[in-house]
Amino acid sequence: RDSNLHLGDVRFWKHLEHIERAHIYRTSSLEYRTMKLMCCEAIFYLFFLASLTGLIVTQRSGSLYESRRQQLDYWAGCTKVTDSERSCSIYDITSHEQLMTWMKEDLAPKAFTEQDMFHSLSAATSIFRLQSGVASWTPRYVGDTKTSVLVGAVRIRQLRVQYNLDCTIMEDLLSIHPDCFPKYSPGVESKMKWHPTWTPMHIQGHYVWYEANETEQGDTQGYHGVYPGSGFVLDLPMNLSGAVMRMKELEDWSWLDERTRAVIIELNTLNPNVNIFVNTKLVFEFPATGGVYTKADVTSFRAVQTSLALAATDDFGGIFSLLILTTALALMFFIYVSYLFCKNGMRYFTYFWSLVDVIILVLYFIQVCTYLVIFGQAQSEPSFAPEVMGDPEMFFPFGKLVPHFEFSNAVLACLSLFAWLKVLKYFTLSGIFMGYVRVIERCIVNLLLFTSLLFLVLFGFAVALHVGYGQDDNLFATIWGSLVAVIVAPAGGVDLTPIFAPGDLLGPILIFMYIIVVFLLLLNVLMAICVDTYSVCMYQLDVVNEEKKAPNPALVFMWTYFNALRKVKLVGKESEEDRGGPHEQDIPLTSLPEAIQLQYLAEKQRMQLMLDSAEAAIREEERRRLEPELYATTTSMGDDDDMEPPLPPAIGYAPQPPEEDLQDIVVKRVQLQRMLEDNPVLVEICGTDRAVDIVRRFRVDQTGVDPYEAVAQLQANVAAKLKELEAQGLDLSFDEMEALKTVSSELHSALTESQKEWRAELLSVLQMASLLSRALIDLTGQIAKVQYNHKELEKKSVPR
């Protein structure tokens, strides 16, 4: 119990309510050290959670969302209609012509709000202030508040498809529509130079297809497909008139036509007040089915997230400091989890919160790897070098980092969820919340299994609603949207207007089946699982608390730890009176009453059986490991032979005669004290709860010297000393010496005889009490049998 063999075993967490409170009072016990490890783990995890939460909050602050909203409203022309609805001008575009008009009259002027012309840095002789021909400081502010600066060029890119590929026109319609233009896919993407005849030379470069590594743009997700970074590119010129004229020329020479499938406008801005970059993508899709679908992807991120060197310049308590602190704590957490895994083996994963620990560590490792990927990719991009970062003619590919930022945000969301979920584990240390945590631990597996069945049923309803009522303007347009609708429908908030159209019979039938199957059946079964688990857990905790009748283990540990800091031991500190002298620390077994002798022998034999059983289990486990085939054969023949015999009860067990001589058995005072603490009957028999009193009462001198001879020897020594004193000239008179001898002898004899008689009578009383106790135990057992037989007779005598 005082070793570290089971320190860190997860079974202490799983069955904390069963821990022996009495052992926690002893600071060297396994229970005390385990509770100390649990409390240290809880305190450490609170520090880790605080650091992680600080990192998440610092990385995803309100300034990011405000910057994103400002840029979206500015470039997309959005205005607030209601608190939950906004109207954007880009969603009014319905054709190629309207898109070109919007770019000429709306996009281009918004890119030149401060002045109509910006000089090129390539034409400047110097960028330093003290030299001639220096380029003036002219940041391209966009907006009316001078809070955002346009970083680099505004890049417009279109993707086109080829003729008559991946599509077929019926022969009857060839005379009307000879050519078909398929929906976009990488296999039908047009890569040929396609400008019309007599196109001016200065705009022919916009009709040339470029690879993704040349455009420095990444994939873009649209409503009708994923568009790669390749395509036909246009960068807005550095002056407003030139930009408008270029748009007009491209419109005249049909830069956009029926083969255009997507136009993507990408730009980047920086808000110097809060050091936030905003990447804006406006996607205009022209599907093969016709129409225009507009999508605005605006992503904001902090400048310090793009470079580790830049992050190191952040304020103390910023992202860099919190990242270093959280990573260090996560590394310590990983070492602790590895230690627990080594101590428990595969049993470690049988505890629910152990799986949560592993998930947290894996998610944080993925998050750190994502940070490193972002830092590495930003470092490898030549356009992100400080020397060229201010060039207004260059395009800066922040869009390549956007997928990594979005993935990082998703990982952070999952990480924060599991990290805060794990806080429930430490509520187990509180007696008030222990039952609720146990319900969660036991429910989670059953709920996950049952939820898989529920998901299949909901997916079936989602497919039915998608097929029957899917339209481009409702939630049932996609299977995913239908699945989300049927999942959140029990909570409300789903528009079911399309289902209840007048004269439609299918909709009410589906909703009625949904109510019967999901609401009345599956959800009630889900609640029944929770209620059943709650009832069982609370009953078991009540039984344990009734048996223990002791305070919460955490409270016991805190009290013990507080006293240990004051160097006060709650157990193991006995007074000199309770401990006795050195000669009172043991007593022969034969000197004790019969009841104590029987109890000692029974306890000793019970402990020996426990030891033999444990050693047999170890040998059996070793045999199973070394001879698995033989074990499989023997277990298939019958399992009853492998059952271990039950241990005898601690009280009321009749011991077998010991092999050794009773005269050689010596009982320690500590053993005797433990027997008195475990068996209140012995305390009543002996009339005391202190072992030293029993030792003093029943201990017999075992030296073998006759007491009379010892007294006579003492008297002779006294007489010899007196003669020596008289020889030296001292006149001493001891006329009463003989009378004193006689009185002393008589008194000693009387006391000895009285002591013998008293001991004999006490032994008789104790023996009779022991016999009476055994008879009462037998009588109780017989009465129980009579009661059982009486109940059986009553059952059989009832007429059927």
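The values are calculated or read from the model by the stated rules, or taken from the named source; none is laboratory data. Please read these numbers as outputs of a predicted model, since none were measured by experiment. As a convention, Cβ positions derive from the backbone with ideal geometry for all residues, glycine included, and neighbour counts pool all protein chains shown. Areas reflect the complete protein model, heavy atoms only, side chains present, ligands, DNA and RNA absent. Shrake-Rupley method; radii C 1.70, N 1.55, O 1.52, S 1.80 Å.
At a probe radius of 1.4 angstrom, the accessible area of the chain per residue rounds to 59 square angstrom. Working from label points 7 Å from Cα in the Cα-to-Cβ sense, the Gln713 to Leu523 distance is 9.6 nm. In region 582-624, what trypsin sites (Lys or Arg not before Pro) fall in a loop by DSSP, with at most 11 other Cβ atoms inside 10 Å? When the trypsin sites (Lys or Arg not before Pro) of region 582-624 are filtered for loop state and at most 11 Cβ neighbours within 10 Å, nothing remains.
A simple count of charges around Leu401, restricted to other residues whose Cβ falls under 14 Å of its Cβ and scoring Lys, Arg +1 and Asp, Glu -1, yields -3.
Sorted by mean Cβ packing within 10 Å, highest first, what order do the peptides 349-360, 679-690, 196-207, 781-792 take?
Answer by packing, highest mean first, reads 349-360, 679-690, 196-207, 781-792.
The Cβ shell under 12 Å around Phe277 holds other residues with a net charge of +2, Lys and Arg each +1, Asp and Glu each -1. Here is how the number arises for the chain: DSSP H runs of 4 or more residues each give -39500 (n - 2.57), the sum is divided by the residue count, and the result at 222 nm is -17000 deg cm²/dmol. Computed with every protein chain present, the accessible area of Met192 is close to 140 Å² [probe 1.4 Å]. Model label points for Ala617 and Ser175, set 7 angstrom from Cα along the Cα-to-Cβ axis, are 9.3 nm apart. Surface composition of region 253-308: carbon plus sulfur atoms hold 49% of the accessible area, using a 1.4 angstrom probe and ignoring ligands, DNA and RNA.
Taking all protein chains together and rolling a 1.4 Å probe, Phe398 ends up with roughly 10 Å² accessible. Between the alpha-carbon centres of region 424-445 and region 281-358 there is a gap of 28 Å.
Against the compact-protein benchmark of 2.2 N^0.38 Å, the Cα-based radius of gyration of region 204-306 scales to 1.21. Normalising the average separation of contacting C-alpha pairs (under 8 angstrom, six or more residues apart) by the number of residues puts the relative contact order of region 318-463 at 21 percent. Cross-link pairs exceeding 29 Å in C-alpha to C-alpha distance, out of Lys80/Lys400; Lys14/Lys791; Lys183/Lys295, comprise Lys80/Lys400; Lys14/Lys791. All C-alpha to C-alpha distances of region 278-317, sorted into 10 Å bins beginning at zero, yield P(r) values of 24, 28, 20, 15, 11, 2 percent in whole numbers. Electrostatic bookkeeping for Ser185 treats Lys and Arg as +1 and Asp and Glu as -1; over the other residues with beta carbon under 10 Å from its beta carbon, the sum is 0. For the pair Ser380 and His790, label points projected 7 Å from Cα toward Cβ lie 8.8 nm apart.
Note on percent of Cα pairs over 54 Å apart: of the candidates (1) 11; (2) 15; (3) 46, the value calculated from this structure sits at (3). Measuring only protein heavy atoms, the 1.4 Å probe finds Met117 accessible over about 110 Å². Among all helices in the chain defined by DSSP H, which have a length of 30 Å or more along the axis from Cα atoms plus a Kyte-Doolittle mean of at least -0.5? Correct list, ordered by number: 30-59, 319-344, 352-380, 434-469, 523-548, 707-727, 737-797.
In the P(r) worked out for region 322-471, what percent of Cα pairs fall beyond 21 Å? Counting every Cα pair in region 322-471, those more than 21 Å apart make up 66 percent.
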